[in-house]
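Novice: I'd like to ask some things about the structure below.
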């Protein structure tokens, strides 16, 4: 895995970003709960992690603020959402997968559920904001158990309805197994910083 602002690693072998992007595209085409997602505006990226089984395995980075706004005022500062454009497409979401931790996280179904979990955080309006639930825990709703239960249902439905199960076969391997099979694992890496500027006194 080669760090950088964005772009493919120069290593040969298994391209994680390409394979995961194809899987995401198939999920969007297969399951109606994700049909609002436009894969061309979603970037799949990898992020290095240690070998520990504990910790975050994947996360969604929305590229806009609440309601899809490009700016947010907080404590006298105006935060500006970054602009990322790849191949003429404005990136509204970045889905990070922490390797090797993600691939060592549970079995095939568990890893597939993690993918769907992150994708379901994408707003139904597909405006760069996350899906917001009512209540204090707006990211997962009043019950994290309920959110996870819904994702489990979606996962089973996808598995039984997809016409291309081969696209998710790489999830059956642990990181060391996939690396041994292909010689190396590469993928897109991107670091994004939000800029800010002081607000003028009114």
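Novice: I'm told residue 151 meets every condition in (1) touching a helix residue (DSSP H, G or I) at 6+ places or on another chain (Cβ under 6 Å); (2) in contact (Cβ under 8 Å) with a residue 60 or more places away in the chain; (3) surrounded by 15 or more Cβ atoms within 10 Å (Cβ to Cβ) except one. Can you identify the failing condition by its number?
Specialist: (2)
Novice: Taking the condition closer than 18 Å to residue 29 by Cα and out of contact with any helix residue (DSSP H, G or I) (no Cβ under 7 Å at 6 or more places or on another chain), does residue 122 pass?
Specialist: yes
Novice: How many residues does segment 72-85 contain that are part of a strand (DSSP E or B) and either in contact with a helix residue (DSSP H, G or I) (Cβ under 9 Å, 6 or more places away or on another chain) or within 21 Å of residue 139 (Cβ to Cβ) (or both)?
Specialist: 3
Novice: Same structure, new question: For segment 170-177, state whether one or more residues are touching a strand residue (DSSP E or B) at 6+ places or on another chain (Cβ under 8 Å), over 23 Å from residue 31 (Cα atoms) and either buried (at least 16 other Cβ atoms within 10 Å of the Cβ) or at pLDDT below 85 (or both).
Specialist: yes
Novice: Is it fair to say residue 138 is in contact with a strand residue (DSSP E or B) (Cβ under 9 Å, 6 or more places away or on another chain) and under 23 Å from residue 61 (Cβ atoms)?
Specialist: Here the answer is yes, as residue 138 does meet what is asked.
Novice: Is it the case that residue 89 is at pLDDT 95 or above and out of contact with any strand residue (DSSP E or B) (no Cβ under 8 Å at 6 or more places or on another chain)? Let's see the steps before the verdict.
Specialist: Numbers: at pLDDT 95 or above: yes; out of contact with any strand residue (DSSP E or B) (no Cβ under 8 Å at 6 or more places or on another chain): yes.
So residue 89 fits the description; yes.
Novice: Among (1) part of a loop (DSSP other than H, G, I, E, B); (2) more than 27 Å from residue 171 (Cα to Cα), there is one condition residue 101 misses while meeting the rest; what is its number?
Specialist: (2)
Novice: Any residue in segment 166-193 that is closer than 20 Å to residue 115 by Cα sitting within a Cβ distance under 6 Å of a residue that is modelled with pLDDT under 95 and part of a helix (DSSP H, G or I)? List the pairs, counting only those 6 or more apart or interchain.
Specialist: Correct list of pairs: empty, since none qualify.
Novice: Any idea which residue in segment 1-37 is modelled with the lowest pLDDT, counting only those that are in a loop (DSSP other than H, G, I, E, B), touching a helix residue (DSSP H, G or I) at 6+ places or on another chain (Cβ under 8 Å) and on the phi < 0 side of the Ramachandran plot?
Specialist: At the first step, the residues of segment 1-37 found to be in a loop (DSSP other than H, G, I, E, B) are 1-13, 31, 35-37.
Those still in the list that are touching a helix residue (DSSP H, G or I) at 6+ places or on another chain (Cβ under 8 Å) too: 8, 13, 31, 35, 37.
From what's left, on the phi < 0 side of the Ramachandran plot: 8, 31, 35, 37.
Details: 8: 42, 31: 98, 35: 98, 37: 98.
Residue satisfying both the conditions and the ranking: 8.
Novice: I would also like to ask the following. What are the residues in segment 106-123 that are part of a loop (DSSP other than H, G, I, E, B) and either under 14 Å from the mean Cα position of the chain (by Cα) or buried (at least 19 other Cβ atoms within 10 Å of the Cβ) (or both), if any? Give the steps one after another, and end with the answer.
Specialist: First pass over segment 106-123, keeping only residues part of a loop (DSSP other than H, G, I, E, B): 106-107, 121, 123.
Across segment 106-123, the qualifying residues are 121, 123.
The values are calculated or read from the model by the stated rules, or taken from the named source; none is laboratory data. Keep in mind the model is a prediction, meaning the values are calculated, not measured. Cβ atoms come from the backbone with ideal geometry, glycine included; neighbour counts cover every protein chain shown.
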